[in-house]
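What follows is a single structure, and I will ask about it in a moment.
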Amino acid sequence: MPRCKYTPELEAAICRLARAGDTLTAIAARPELPDRATLYRWMKRRPDFAERYEEACAGRSRVLRRHRSHPGESPLPALVYSAATVELICSHLLAGYGMSDIARMPGMPPRPTLWLWLRRHPEFRHQYEAACQVRDEVLADEVLAIADNCPGDVVSVAAARLQMAVRRWRLGTLTLVGRPAGLDAG
């Protein structure tokens, strides 16, 4: 919606999206909301709107600033720490996903939020470490199973080596890369 008339309802929607972590560019990209030029014009002409928008931006967590929804999608759900979310995250870890993979899944918090939760919630960290340990053992077991079940012909051995190399690489990236300072690589 390029230019439109200011309404309190539009302001409320814009501020709600800003509080949820959407940038001004992301908000303006939504077809049901005004474009950037209109938003800037409103802020210039309506200091009260500019002030409420700035308060909404200040109220959001710094880790939520990364925009993850696309124009036309509904706003992201509230990212609230809960036992159900932890259980879902750990089930994804057990399925072989890393934190980056999980953070890209619909409805999951962004990766910085996950790391923040690990630091702030010892029970989550304990479950996370246990899930990672099981996941890593499963990948290691897969490497052994591939080696043990390889028929021995040249083509099969080459394919098995590639499969094992990929799993060893994945195991290394899951346990070493992307883990913020203060979290062990175990």
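Checking PRO112 against (1) within 26 Å of ALA165 (Cα to Cα); (2) of a type outside the set (Val, Ile, Thr); (3) surrounded by fewer than 18 Cβ atoms within 10 Å (Cβ to Cβ), which single condition isn't satisfied?
Checking PRO112 against (1) within 26 Å of ALA165 (Cα to Cα); (2) of a type outside the set (Val, Ile, Thr); (3) surrounded by fewer than 18 Cβ atoms within 10 Å (Cβ to Cβ), the one that fails is (1).
So, in region 67-92, how many residues would count as being of a type in the set (S, T, N, Q) and modelled with pLDDT of 85 or more? Explain how you work it out, then say what you get.
The initial filter retains those residues of region 67-92 that are of a type in the set (S, T, N, Q), namely 69, 74, 82, 85, 91.
Those left that are additionally modelled with pLDDT of 85 or more: 82, 85, 91.
Here the count works out to 3.
Having 1 or more residues that are free of Cβ contacts under 8 Å to residues at least 40 places away in the same chain, closer than 30 Å to ASP22 by Cβ and touching a Pro at 6+ places or on another chain (Cβ under 6 Å) is the bar; report the helices (runs of 4 or more DSSP H) wholly within region 94-177 that clear it. Walk me through how you get there before you give the answer.
Numbers: elements: 99-103, 111-120, 122-148, 154-176.
In region 94-177, the matching helices (runs of 4 or more DSSP H) lie at 99-103.
In addition: Does ARG104 fit the bill of being on the phi < 0 side of the Ramachandran plot and in contact with a Gly (Cβ under 8 Å, 6 or more places away or on another chain)?
On the way: on the phi < 0 side of the Ramachandran plot: yes; in contact with a Gly (Cβ under 8 Å, 6 or more places away or on another chain): no.
Here the answer is no, as ARG104 does not meet what is asked.
The values are calculated or read from the model by the stated rules, or taken from the named source; none is laboratory data. Keep in mind that what you see is a predicted model, and the values were worked out from it rather than measured. Virtual Cβ from ideal backbone geometry, glycine too; neighbours counted across all protein chains shown.
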